[in-house]
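Student: Structure incoming, see below.
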């Protein structure tokens with residue numbers, strides 16, 4: 001597993017909403033097989049960053065290369081193909097309330113691959129549900145699941161297309177500490193099992209400590225500092241140190 005092959009390269013990324021500059025010439029590289037956490041305070045622009053990467057928001061300027069393709073230049077069809085390789089775990093989970101767990105997991109398969117045999121669909125659904133420890137929920141409705149279980153099902157739905165990259169939007173927000181730790185361990189286990197490259201945005205310092213191989217700090221719209229948890233915690237820069245107090 002190479003940690004020198006870039007799968008996402010961001011250069012000089014800028015995004016503002018009126019006079020509010022959110023990303024200010026932001027630079028970042030995610031390498032193949034890496035768990036990279038973007039750490040920043042609430043409202044610092046982390047969610048804007050991840051939405052720009054997936055093409056849900058258009059940047060004002062800059063480059064966002066995913067597998068060598070500049071996302072802002074992609075047509076809708078090309079963007080759709082790219083998204084099939086990049087899983088996105090929404091902060092809200094974005095499950096369909098009117099669908100069972102099975103139907104929620106089938107949805108991306110039907111959307112991207114129109115001619116998948118039912119046995120293959122069933123096998124994939126059982127595989128990803130086993131991966132998140134929730135095989136018994138297959139015929140349940142989202143309303144019957146706890147918050148942590150819904151997060152796991154959303155992650156299973158992300159996994160079903162076997163993405164090379166997974167983007168996690170604040171995966172522990174709204175969860176109790178124990179459930180949050182379970183999700184952190186699940187992120188680590190999935191990276192190891194599926195050999196995914198993971199970009200996690202978070203302000204949860206426990207997640208950062210346990211899940212990050214490398215950290216990028218988003219401060220004042222810029223990639224202010226990068227390093228391991230130990231390296232950044234030892235920093236004497238007060239802006240960096242504020243996250244570890």
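Student: Condition test on residue 130, is it out of contact with any helix residue (DSSP H, G or I) (no Cβ under 8 Å at 6 or more places or on another chain) and farther than 29 Å from residue 5 by Cβ? Write out each step before concluding.
Tutor: Numbers: out of contact with any helix residue (DSSP H, G or I) (no Cβ under 8 Å at 6 or more places or on another chain): yes; farther than 29 Å from residue 5 by Cβ: yes.
Criteria met by residue 130.
Student: Would you kindly identify the helices (runs of 4 or more DSSP H) lying entirely within the stretch 32-132 that contain at least 2 residues that are within 14 Å of the chain's Cα centre (by Cα) and either crowded, with 22+ Cβ neighbours inside 10 Å or at pLDDT below 90 (or both)?
Tutor: Filter on the stretch 32-132 gives 46-54.
Student: Which pairs do you get when a residue that is on the phi > 0 side of the Ramachandran plot and modelled with pLDDT under 95, found in the stretch 4-20, comes within reach of a residue that is surrounded by 13 or more Cβ atoms within 10 Å (Cβ to Cβ) and assigned to a loop (DSSP other than H, G, I, E, B), reach meaning Cβ atoms under 8 angstrom, with the pair 6+ apart or on two chains?
Tutor: From residues that are on the phi > 0 side of the Ramachandran plot and modelled with pLDDT under 95, there are no pairs.
Student: Is one or more of the residues making up the stretch 196-209 under 22 Å from residue 54 (Cα atoms), in contact (Cβ under 8 Å) with a residue 24 or more places away in the chain, over 15 Å from the mean Cα position of the chain (by Cα) and surrounded by 21 or more Cβ atoms within 10 Å (Cβ to Cβ)?
Tutor: no
Student: To continue, here is another question. Select from the stretch 210-234 the residues that are closer than 29 Å to residue 62 by Cα and without any contact (Cβ under 8 Å) to a residue 12 or more places away in the chain and list them in ascending order.
Tutor: The answer is 231, and nothing else.
Student: Filter the stretch 157-173 down to residues that are in a loop (DSSP other than H, G, I, E, B) and in contact (Cβ under 8 Å) with a residue 60 or more places away in the chain, then give me how many there are. Talk me through it step by step, then tell me what you get.
Tutor: Here is the first cut: in the stretch 157-173, the ones in a loop (DSSP other than H, G, I, E, B) are 160-164, 170-173.
Applying the additional criterion that residues be in contact (Cβ under 8 Å) with a residue 60 or more places away in the chain yields 161, 163-164, 170-171, 173.
Here the count works out to 6.
Student: Could you tell me which numbered condition residue 138 fails, if it satisfies all but one of (1) over 28 Å from residue 67 (Cα atoms); (2) under 21 Å from the mean Cα position of the chain (by Cα)?
Tutor: Every listed condition holds for residue 138 apart from (2).
Student: Looking only at the stretch 163-174, how many residues end up being at pLDDT 85 or above and over 19 Å from residue 53 (Cβ atoms)?
Tutor: 1
Student: Do we have residue 239 as exposed (fewer than 15 other Cβ atoms within 10 Å of the Cβ) and either assigned to a strand (DSSP E or B) or touching a strand residue (DSSP E or B) at 6+ places or on another chain (Cβ under 7 Å) (or both) here?
Tutor: For residue 239, the condition - exposed (fewer than 15 other Cβ atoms within 10 Å of the Cβ) and either assigned to a strand (DSSP E or B) or touching a strand residue (DSSP E or B) at 6+ places or on another chain (Cβ under 7 Å) (or both) - is met.
The values are calculated or read from the model by the stated rules, or taken from the named source; none is laboratory data. Owing to the predicted nature of the structure, the values given are computational and were not obtained by experimental measurement. Neighbour counts run over all protein chains shown; Cβ positions are idealised from the backbone, glycine included.
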